[in-house]
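Worksheet: the structure to be examined is printed underneath.
The values are calculated or read from the model by the stated rules, or taken from the named source; none is laboratory data. All figures in this text were calculated on a predicted structure; none of them were measured in a lab. Please note: Cβ atoms are built from the backbone with ideal geometry, for glycine as well, and neighbour counts cover all protein chains shown.
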Amino acid sequence: MEHRKHRDRIHFQEVVVDHSLELTHAEMHNKSLVTSLQEQMLAKDIDLGPKNADGVWGAFTAAGLKKFDQAPELKREMLANARKAADEHKADVKNPSFDNSPGMTEALRRDRSRYLDELKNPKLLDEILAASHLETGDKQAFTESLINRASMGNEKGEPISVYEALHNGFYGPVNQGGLPGEIKKLTSADREGFKHDLKAVLDGSNKVGLATDQGLRGGIHGQAWQVSGEWYGNHTGSKHWVQEKVKEAAAISNSLSPAPVHVDPELATNKQVARGRMASMSASPPI
């Protein structure tokens, strides 16, 4: 009896992976890309846990993105938007207004001095501190941008009060009535720590690069930069204010620079000759 060996034929089906629907390991650690992706998911009412759009890839973000597996075109669009946001962030040129020279420090100190009396109000200070907790967590950066926007002023370019800048509709948590509850959580240690942040701002700090806008990257038009994980930029119309501060800083820097010392060439030559004679005499052996 003839035995015949049958060789099974295995057909391998080629699996094509659509990389436009997947994130690489490096992309999962790209803060700008993940933040953009999280913001898009939040806009679609996806629960991302208590931290929301923090730019950190975690279980909530992974689970949220997986929900879009059944809608590949929408998922592809979201990932494309996130990658574009990451590229834009990479291309952002460092803000030239990140100037911490003595001239800029003095220009900002003078500009903010108009608010010294207003910022002695304990109630207003509690509101600013509470708002900083709700918005960014970086109290100094938040307060800088708030006061910058107050100084930039209204549509006529006239400075407004810090209170008005805080309550004119710019801050979402303030609009939603979040201040009273957050103020109740403030401790004496919070208030004491804020004194140092406020002093730094009133002394002319420039941690946010003359920023007058702050929030989500997609809501900031034009160039944007991150400070302590928060996006900052400039409001449309604030260009003139920024330019004025840069000019003022330059003028102050020039006034602080020491005047050049004019040396009479003939006098300098005489001094050099005198030094040579003294050196010669000291080097001569005693008689």
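Only residues that are farther than 22 Å from Ser132 by Cα and without any contact (Cβ under 8 Å) to a residue 24 or more places away in the chain were counted across the range 225-253, and they come to 5.
With respect to the stated conditions, Ala141 is of a type in the set (Gly, Ala, Ser) and touching a strand residue (DSSP E or B) at 6+ places or on another chain (Cβ under 7 Å). Of note, Ala268 satisfies the criterion of being among the aliphatic types (A, V, I, L, M), out of contact with any strand residue (DSSP E or B) (no Cβ under 7 Å at 6 or more places or on another chain) and at pLDDT below 80.
Looking only at residues of the range 83-100 that are at pLDDT 80 or above and of a type in the set (D, E, K, R), we find that the one that is nearest to Asn254 (Cα to Cα) is Asp99. Every condition in (1) of a type outside the set (Val, Ile, Thr); (2) at pLDDT below 85; (3) out of contact with any Leu (no Cβ under 7 Å at 6 or more places or on another chain); (4) buried (at least 19 other Cβ atoms within 10 Å of the Cβ) holds for Lys5 except the one numbered (4). Contact map, the range 104-127: residues that are over 19 Å from Leu166 (Cβ atoms) paired with residues that are of a type in the set (A, V, I, L, M, F, W, C) and part of a helix (DSSP H, G or I), Cβ distance under 6 Å, separation 6+ or inter-chain. Pairs shown: Met104/Ala249; Glu106/Ile252; Ala107/Ala249; Ala107/Ile252. Name the one entry in Ile183, Ile147, Ile128 that is farther than 27 Å from Ser255 by Cα, of a type in the set (Val, Ile, Thr) and surrounded by 19 or more Cβ atoms within 10 Å (Cβ to Cβ). Criteria check complete, one pass: Ile128. Residue count for the range 23-68 under the criterion of being farther than 18 Å from Leu216 by Cβ, surrounded by fewer than 20 Cβ atoms within 10 Å (Cβ to Cβ) and in contact (Cβ under 8 Å) with a residue 24 or more places away in the chain: the result is 3. Among the candidates Gly157, Gly172, Gly103, Gly153, the residue that is on the phi > 0 side of the Ramachandran plot and modelled with pLDDT of 90 or more is uniquely Gly153.
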